[in-house]
Amino acid sequence: MSRTFYVTTPIYYVNDVPHIGHAYTTLAADVLARYKKLKGYEVFFLTGTDEHGQKVEKAANTAGETPLELADRVVKRFQGLWEKLDIQYTDFIRTTQERHKNGVSHIFTKIMAQGDIYLGEYEDWYCTPCETFWTETQLMDGKCPDCNRPVDKLKEESYFFRMSKYQEQLLAHIEANPDFIQPKSRRNEIISFVKEGLRDLSVSRTSFNWGIPVPGNERHVIYVWFDALTNYITALGYPDEESAFKTYWPVDVHLIGKDILRFHAVYWPTFLMAAGLPVPKKVFAHGWWTVEGQKMSKSLQNVVEPNMLVDRYGIDAVRYFLLREVPFGLDGDFSHAALVHRINSDLANDLGNLLNRSTAMVNKYFDGVLPAPGPQTELDTAFREKTEAMVRQVDACMDELAFSKGLQAIWEVISAGNKYIDETAPWTLAKDPAKRDYLGTVMYTLLEAQRIVHLILSAFMPRTAAKALDYLGWTEPCRDEDLAWGRLAPGARIVKAEALFPRIEEKEEK
Ligand code: ME8
């Protein structure tokens, strides 16, 4: 039976245009999906857009459009950006699609029929930008504790989800599954939150109507988070349980930002428990990007537009930078200077230079034909073993979603490769005909190590890796078994590489 892997991003609100924060989560999901494909998994990678709710309705009013017109326009911005960033998703869900609306109505009806959704009355403080209700005690100085904006007192008839009933079951699940919520610090926050007590949750609104109607009571629309979270199963075909839902649910990992962890680690699993469905295997909340030390915001006009970054620095440089610069799970700061520094040092100097030097030498000493490896010295064996160990290290890192650590392990091999050239001094070996076999070993070892490096890097930097593999005479598709040492066939034609990443003048960048 083939192994499957299901990864999701949040579905993004269409009242905002995409910025590097959105690109970050989607990129991480893409890298993970590509890596798992390389490892032989059947992968389902889902992204999409969250198109209902008061926030979208208000933005549409301001723009003089209907909410659907707004959504149709902004969804293209997201899809266009994903294409530009080489994001290979399996499916893109929009919450205004029929397949989604049907699934949401179905699960809502199911939970209501068993008595876990009931009609009551709501009175509380509501933060419209966050689409969240707060109790009096949760407010900070009378304002929303998440965004510090003013809140409104709302009293309305509302359907409630009996979340309180699932408190103990959720807690037991979190405690029995240490990997369920990651990173660990965030898991502890959720445990304390749940222990403080779960209240029943208002899951319908009557104050606006841009949403999915409550089945049987059309005065109410379903709460936007109930609607949105359900995308993760409606995209698979739920309520048809014989669809992709059967193959891929429960999800292997929901990748999200730390801002929406509570929705994913508390609300969503309790909805699923009530519906009698398995809960996600893992929810990973990554950190927050600021820009040149400041929070990204429209009013500060410092929103970093990924399109602009790609035009200026290239897709793969952006893909590499975002995942390398900051450990996934921690907050990070974006700056042009840091990006340029990474391009020059890691990509141009280390990665590009190693490929240039080694392919040039095979051309100089062996007319561009890869020699068979001869006898090995300790230096050769050590470099080979380091490369083999890296493959295992990266695999462990990917399981922990430690992208940056995985890239570091790859770069240790690249640096070791550059050092290996200096230590074996092929130019000296080349002068002595008796050392020809050793020279062959050095060339083979260098190129084979880079073939493995670039196979793994194809998950992170698909274009660069494809180019490099071409220079290295590797024309096969990337498969897991090809990560083993010795697959590059002697006799392969090696092309002298052009610079993979031209250096950028650092002082130009402000
Ligand atoms: O919350 N740093 O949508 P959203 C890092 N529709 N990541 C960031 C970021 C930043 N500065 N800004 C945004 C919603 N993100 C809901 C989700 S899911 C069922 C519904 C990323 O458009 C991060 O992944 O506000 C965050 O969780 C997400 O964008 C929020 O996107």
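The values are calculated or read from the model by the stated rules, or taken from the named source; none is laboratory data. Remember, predicted model here, so these are calculated numbers, not experimental data. Glycine also receives a Cβ, built like all others from the backbone with ideal geometry; neighbour counts cover every protein chain displayed.
From the residues in the range 146-167 that are modelled with pLDDT of 95 or more and within 31 Å of the chain's Cα centre (by Cα), which one is surrounded by the fewest Cβ atoms within 10 Å (Cβ to Cβ)?
Restricting to residues being modelled with pLDDT of 95 or more and within 31 Å of the chain's Cα centre (by Cα), the top hit is Gln167.
Taking the conditions exactly as written (part of a strand (DSSP E or B), polar (S, T, N, Q), out of contact with any Gly (no Cβ under 6 Å at 6 or more places or on another chain) and within 15 Å of the ligand (Cβ to nearest atom)), does Thr290 satisfy them or not?
Spelling it out, Thr290 is indeed part of a strand (DSSP E or B), polar (S, T, N, Q), out of contact with any Gly (no Cβ under 6 Å at 6 or more places or on another chain) and within 15 Å of the ligand (Cβ to nearest atom).
Scan the range 283-307 for residues that are among the small types (Gly, Ala, Ser) and modelled with pLDDT of 85 or more and jot them down. Let's see the steps before the verdict.
The initial filter retains those residues of the range 283-307 that are among the small types (Gly, Ala, Ser), namely 285, 287, 293, 297, 299.
Ala285, Gly287, Gly293 - these are the residues of the range 283-307 that are among the small types (Gly, Ala, Ser) and modelled with pLDDT of 85 or more.
Looking at the range 1-28, which of its residues are surrounded by fewer than 23 Cβ atoms within 10 Å (Cβ to Cβ), among the aliphatic types (A, V, I, L, M) and within 13 Å of the ligand (Cβ to nearest atom)?
Passing the criteria: Val17, Ile20, Ala28.
Kindly check whether there is at least one residue in the range 137-145 that is at pLDDT 95 or above, surrounded by 14 or more Cβ atoms within 10 Å (Cβ to Cβ) and under 27 Å from Met273 (Cβ atoms).
The first filter runs over the range 137-145 and keeps only residues at pLDDT 95 or above, leaving none.
Scanning the range 137-145 turns up no residue that is at pLDDT 95 or above, surrounded by 14 or more Cβ atoms within 10 Å (Cβ to Cβ) and under 27 Å from Met273 (Cβ atoms).
Determine if the range 118-128 includes at least one residue that is of a type in the set (S, T, N, Q), surrounded by 15 or more Cβ atoms within 10 Å (Cβ to Cβ), within 29 Å of the chain's Cα centre (by Cα) and outside any strand (DSSP E or B).
yes
Is it true that some residue in the range 259-280 is touching a strand residue (DSSP E or B) at 6+ places or on another chain (Cβ under 6 Å), in a loop (DSSP other than H, G, I, E, B) and under 23 Å from Glu196 (Cα atoms)?
Scanning the range 259-280 turns up at least one residue that is touching a strand residue (DSSP E or B) at 6+ places or on another chain (Cβ under 6 Å), in a loop (DSSP other than H, G, I, E, B) and under 23 Å from Glu196 (Cα atoms).
Looking at Arg342, Arg357, which one is free of Cβ contacts under 8 Å to residues at least 60 places away in the same chain, surrounded by fewer than 20 Cβ atoms within 10 Å (Cβ to Cβ) and either more than 22 Å from the chain's Cα centre (by Cα) or more than 26 Å from Asp16 (Cβ to Cβ) (or both)? Full working, then the answer.
On the way: Arg357 fails: free of Cβ contacts under 8 Å to residues at least 60 places away in the same chain.
Step by step, each of Arg342, Arg357 is checked, and only Arg342 is free of Cβ contacts under 8 Å to residues at least 60 places away in the same chain, surrounded by fewer than 20 Cβ atoms within 10 Å (Cβ to Cβ) and either more than 22 Å from the chain's Cα centre (by Cα) or more than 26 Å from Asp16 (Cβ to Cβ) (or both).
Mind counting the residues in the range 29-43 that are more than 14 Å from Val318 (Cβ to Cβ), away from the ligand (no atom under 13 Å from the Cβ) and in a helix (DSSP H, G or I)?
7
Matching residues to (1) in contact with a Phe, Trp or Tyr (Cβ under 7 Å, 6 or more places away or on another chain); (2) of a type outside the set (Phe, Trp, Tyr); (3) crowded, with 20+ Cβ neighbours inside 10 Å:
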{"residue": "Ala274", "(1), (2), (3)": "yes, yes, yes"}
{"residue": "Ser297", "(1), (2), (3)": "no, yes, no"}
{"residue": "Gln301", "(1), (2), (3)": "no, yes, no"}
{"residue": "Phe328", "(1), (2), (3)": "yes, no, yes"}
{"residue": "Asp346", "(1), (2), (3)": "yes, yes, yes"}
{"residue": "Gln376", "(1), (2), (3)": "no, yes, no"}
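So, in the range 258-268, of the ones that are in contact (Cβ under 8 Å) with a residue 60 or more places away in the chain and out of contact with any Pro (no Cβ under 7 Å at 6 or more places or on another chain), which residue ends up nearest to the ligand (Cβ to nearest atom)?
Asp259
If we only count helices (runs of 4 or more DSSP H) wholly inside the range 297-344, which ones have 3 or more residues that are in contact with a Cys (Cβ under 6 Å, 6 or more places away or on another chain) and more than 16 Å from the ligand (Cβ to nearest atom)?
none
Out of the residues in the range 228-251 that are under 28 Å from Asp146 (Cα atoms) and in contact with a strand residue (DSSP E or B) (Cβ under 8 Å, 6 or more places away or on another chain), which is farthest from the ligand (Cβ to nearest atom)?
Restricting to residues being under 28 Å from Asp146 (Cα atoms) and in contact with a strand residue (DSSP E or B) (Cβ under 8 Å, 6 or more places away or on another chain), the top hit is Val251.
Please work out which residue is nearest to the ligand (Cβ to nearest atom), limiting yourself to the range 276-287 and to residues that are surrounded by fewer than 22 Cβ atoms within 10 Å (Cβ to Cβ) and small (Gly, Ala, Ser).
Step by step, filter the range 276-287, then rank; the result is Gly287.
To keep it simple, each residue is scored yes or no on (1) free of Cβ contacts under 8 Å to residues at least 40 places away in the same chain; (2) of a type in the set (A, V, I, L, M, F, W, C).
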| residue | (1), (2) |
| --- | --- |
| Glu385 | yes, no |
| Ala409 | yes, yes |
| Asn418 | no, no |
| Thr428 | yes, no |
| Tyr438 | no, no |
| Thr441 | no, no |
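With respect to Gly287, is the statement that it is touching a residue at least 40 places away in the same chain (Cβ under 8 Å), in contact with a Pro (Cβ under 9 Å, 6 or more places away or on another chain) and not basic (Lys, Arg) true? Walk me through how you get there before you give the answer.
On the way: touching a residue at least 40 places away in the same chain (Cβ under 8 Å): yes; in contact with a Pro (Cβ under 9 Å, 6 or more places away or on another chain): yes; not basic (Lys, Arg): yes.
Judged against the criteria, Gly287 is a match.
Condition check: within 12 Å of the ligand (Cβ to nearest atom) and touching a Ser or Thr at 6+ places or on another chain (Cβ under 8 Å). Does Phe271 satisfy that?
Against the criterion (within 12 Å of the ligand (Cβ to nearest atom) and touching a Ser or Thr at 6+ places or on another chain (Cβ under 8 Å)), Phe271 qualifies.
Could you check the range 457-494 and list, in sequence order, the residues that are surrounded by 14 or more Cβ atoms within 10 Å (Cβ to Cβ) and of a type in the set (Val, Ile, Thr)?
Matches in the range 457-494: Thr464, Ile494.
Yes or no, residue by residue, for (1) of a type outside the set (D, E, K, R); (2) assigned to a helix (DSSP H, G or I); (3) within 13 Å of the ligand (Cβ to nearest atom); (4) in contact with a Cys (Cβ under 8 Å, 6 or more places away or on another chain):
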| site | (1), (2), (3), (4) |
| --- | --- |
| Ala60 | yes, yes, no, no |
| Lys76 | no, yes, no, no |
| Gln88 | yes, no, no, no |
| Ile93 | yes, no, yes, no |
| Ile111 | yes, yes, no, no |
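For the range 68-90, indicate whether the set of residues that are of a type in the set (D, E, K, R) and in contact with a Phe, Trp or Tyr (Cβ under 6 Å, 6 or more places away or on another chain) is non-empty. Talk me through it step by step, then tell me what you get.
Initially, the range 68-90 is screened for residues of a type in the set (D, E, K, R), giving 69, 72-73, 76-77, 83-84, 86.
From what is left, the residues that are in contact with a Phe, Trp or Tyr (Cβ under 6 Å, 6 or more places away or on another chain) are none.
Within the range 68-90, not a single residue is of a type in the set (D, E, K, R) and in contact with a Phe, Trp or Tyr (Cβ under 6 Å, 6 or more places away or on another chain).
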